[in-house]
Every structure is written in C-alpha cells, then in structure tokens.
Amino acid sequence: MPVENRWDQLESAADGLAISRDVSLRRFSSLGIGGQAAGFVSVDSEPALSALLERARKMEIPVKILGGGTNLVFTDQGFSGLLIRLGEGFKKIEIDQTGARAGAGAHLTALITRAIEAGLAGVEKLAGIPGTLGGAIYQNSGARDYETAQAVESVTFYDATRRRIRTLPKSELGFGYRTSVFHKMPAVILSAQLALEPAPRERLAAEVSARMKHRTETQPTGRSVGCIFKNPEGASAGHLIDQAGLKGRRAGGLVVSDIHGNFFINRGGAAFGDFEELVATVRETVRNKFGVNLELEVEVVREKTTGARGQSGAAETRGCDPREAARPGEPPVSEDRALCGWILCGEGNFV
Ligand code: EPU
C-alpha cells in the first residue's frame, strides 16, 4: 500500500483525527535529541484511542504513547510508527474526600495543586517530578523516600493483547523501584484511582516547598531527562559519578552536569551518538572505580523486536512477545505476530 494511503487509512479510523507526518522528535523529549517520527497525533477520547490502536494493530504500524517526554531518549534514526499524545480528554482530575480519579495525561503538578486545594494528602511528595500521571505510574517515579505507587489504588488501561479496557488493583501492578507491570505488557495507561486523605493545607504546601527547594539546590536546569541511571542498591548514582570525577565530562553537545552527576545536559546540538558515548564512558569509569554496574533509568526508544542491547549496554524499548503478557493462571492470550513490535513495550512511558 502506498505510504500516504496508509496514513489516510489510519486517520479514518477515528473521526476528526489529523496525523502530522515527519515530525521532529526533538520537541517530544526534554533532552532535545532525536530524528523524526513518521506520524504524530493527539487523541482526546478513549473510543478514538481504542479505534486508532486497533487500526494501527491491523496495519502493523508501531505505536508509542508519549507523556511529558521527560524520561524518553529518541535515537537519530527516529521512529517509523505513530507517536500518540493523550490530549485534553485524558487530563481530567476528579477529587472527593477519599481520593482522586485522574486521567493518565494529567500533569503531576496539576494533580498536586488540586489535591492541596482540596486539603488532601497523598501526592504532595511527588512535587518537582516533571511529566504526566501515566508516565509516573509506568515508571513508578519518585524521589528517594516516596514513589507514585504509594498513592495508587488501581489503574485502568487499554490492554492491547486482549483488546479491551481493564482495571487492576495496586497489588497486581508489579510496582518496584522505577518499574511497573506496564514495562512488560503492551498496554496504554488511561486513568488511575488515587488514595488521598484529609490534611492541613499549610503542611502540604510546606512539603511541596521543601521538595522544590531541594531540587532547585541540587539539580540543574537546562535540557535533560532527569536522572540517567537508577540508583544502585544502597548507593546514589549521582554520588558515584561525582566521586569518579566525571562531572563536566563531555561527548559532543552533551555534558555530565556540574551540579548533579546523574544528569546529562544538552548544551546544544547533541546527537544520540553523544548520549551513547557518554553513557558508555560513565558506566565504564564507575565500574572500574567502584565495581558497580549502572543501569539506565531513562527509556531509549528503539524499534527492535529482539530485546538486544545497544553499544552503551542501554536497555532498549522493544516490541513485546504477546506470550509474555499472559498472566499467571491464564492461557497465552494471542500468538498474533502483529502484536510483536506493534505497541512498544514501554509505550506507557509518558514520563
Ligand atoms: N550526590 C553527590 N554528588 C552528586 C549528586 C548527588 O555527592 O553529583 C549526593 C548528594 O549529596 C546526596 C546523595 O548523593 O547525599 C543523593 O543525592 P540526591 O538527594 O540528589 O538524590 P539522588 O538519589 O541522586 C533521587 C532520584 C531523583 C530525585 C531525587 C530527589 C533516582 C535515580 N534519582 O536522586 O530522581 O529527584 O532523589 O531527592 O532515583 C529522576 O528520577 O529522574 C530523578 C532525578
């Protein structure tokens, strides 16, 4: 099928959707690196999203869901599929005295502000983390003593394997340090039920101020994707990188921050090769000096179905094996080859 017709056919799956073609990925990642996405679309409703995903699946067009783009690194090769942003319809926040129901596209800042206005505690410790709720759930984002999972009661998502919307309680969401079940399951996080409880507004506001102050004092501004590596057990990646004398180390346009060692800053014109080089240098130096293997915390978006590792040793987003998505006690859901490499595992990563 001619390429143009392919995109038109995809557009016709959901009324009124306009897919932009050949858009630069730089504006979709806060690091400002990346080639082009073949297609980009903003979707405003669950029916439109389901229809679009279903059509893309049939056409074997890979899809990737975008959130704030504050934890994503794109390659210079770009993305041959469709990048989807959850629009206004996914940003709703409904609050009552026991909790909040919030859309995956809601920004954490908006959620925290609304909860504090209502005098409710539960999400204020996420203050300063950029990105959307969907991304925070996907990655179980957090600071040292607090993570998103602590506020989550249940998550509603489009299960791309079973092709229907499902809700799972927290106990089945596989939350761990910077991970969730959505790292292994082709799915799109749609909304979440969060547990909140009454608390004095002043205390909540003070908590937010203290966290923002710590960030301002210890983290750089500038184009970055936050912490590049996960903290190894019992240590801080930033501290190790600092102690290894790597602050200020440069690869092309990318530099290890002088303020926090776990941040890479794009000083302008950085390419994906610079990212790979700097990741490799930092990992090798820290391994040689401290015997510690640093694991990537950020997500590299690559179109591969092999799960292979890049030169940097970076974990890569990859197409899922649908059999992996089968839950204990349930039969394999589908052997449909079209699912492999269709919706990228990690597609829920809106961070
Ligand atoms: N440190 C150094 N040098 C550095 C950086 C840190 O000596 O260059 C020391 C600090 O002085 C401190 C310790 O390392 O004693 C920990 O530093 P920090 O409080 O900055 O916390 P972190 O472990 O480096 C974690 C999260 C951050 C989050 C902060 C909030 C991870 C990988 N990082 O950083 O999350 O903002 O806590 O305090 O879990 C992110 O996820 O993108 C991210 C930035």
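The values are calculated or read from the model by the stated rules, or taken from the named source; none is laboratory data. Please read these numbers as outputs of a predicted model, since none were measured by experiment. With ideal geometry, Cβ positions are generated from the backbone for all residues, glycine too; neighbour counts draw on all protein chains shown.
Applying the condition of being part of a loop (DSSP other than H, G, I, E, B) and touching a residue at least 40 places away in the same chain (Cβ under 8 Å) to region 217-229 and asking which residue is nearest to the ligand (Cβ to nearest atom) yields Gly226. For region 267-301, taking the residues that are part of a loop (DSSP other than H, G, I, E, B) and either closer than 19 Å to Arg178 by Cβ or among the polar types (S, T, N, Q) (or both), the one that is farthest from the chain's Cα centre (by Cα) is identified as Val292. Tell me yes or no: at least one residue of region 304-322 is at pLDDT below 95, outside any helix (DSSP H, G or I), closer than 30 Å to Pro62 by Cβ and within 13 Å of the ligand (Cβ to nearest atom). No, because not a single residue in region 304-322 is at pLDDT below 95, outside any helix (DSSP H, G or I), closer than 30 Å to Pro62 by Cβ and within 13 Å of the ligand (Cβ to nearest atom). Filtered by the rule that a residue be surrounded by fewer than 20 Cβ atoms within 10 Å (Cβ to Cβ) and under 17 Å from the mean Cα position of the chain (by Cα), region 14-51 gives Arg26, Arg27, Ser42.
Here's the yes/no breakdown for (1) assigned to a strand (DSSP E or B); (2) within 27 Å of Leu86 (Cα to Cα); (3) near the ligand (Cβ under 9 Å from one of its atoms):
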| residue | (1), (2), (3) |
| --- | --- |
| Val155 | yes, yes, no |
| Met185 | no, yes, no |
| Ile189 | yes, yes, no |
| Leu194 | yes, yes, no |
| Glu202 | no, no, no |
| Ser209 | no, no, no |
| Arg215 | no, no, yes |
| Leu240 | no, no, yes |
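Selection of first residues in region 230-242 that are charged (D, E, K, R) and of second residues that are near the ligand (Cβ under 6 Å from one of its atoms) and in a loop (DSSP other than H, G, I, E, B), restricted to Cβ pairs under 6 Å at least 6 apart or on distinct chains, gives the following pairs, ordered by first then second residue: Lys230/Glu297; Asp242/Gly261. Among residues of region 44-71 that are aliphatic (A, V, I, L, M), those with a Cβ under 6 angstrom from a residue that is in a helix (DSSP H, G or I), sequence gap 6+ or separate chain, pair up as Val63/Ala56; Leu66/Phe28. Restricting attention to region 72-97, the residues that are more than 11 Å from Val43 (Cβ to Cβ), touching a residue at least 12 places away in the same chain (Cβ under 8 Å) and not hydrophobic (A, V, I, L, M, F, W, C) add up to 9. Residues of region 270-287 include none that is within 11 Å of the ligand (Cβ to nearest atom), at negative phi and touching a residue at least 24 places away in the same chain (Cβ under 8 Å). Taking the conditions (1) free of Cβ contacts under 8 Å to residues at least 60 places away in the same chain; (2) more than 11 Å from the ligand (Cβ to nearest atom); (3) in contact with a strand residue (DSSP E or B) (Cβ under 7 Å, 6 or more places away or on another chain) in turn, Asn266 satisfies each one other than (1).
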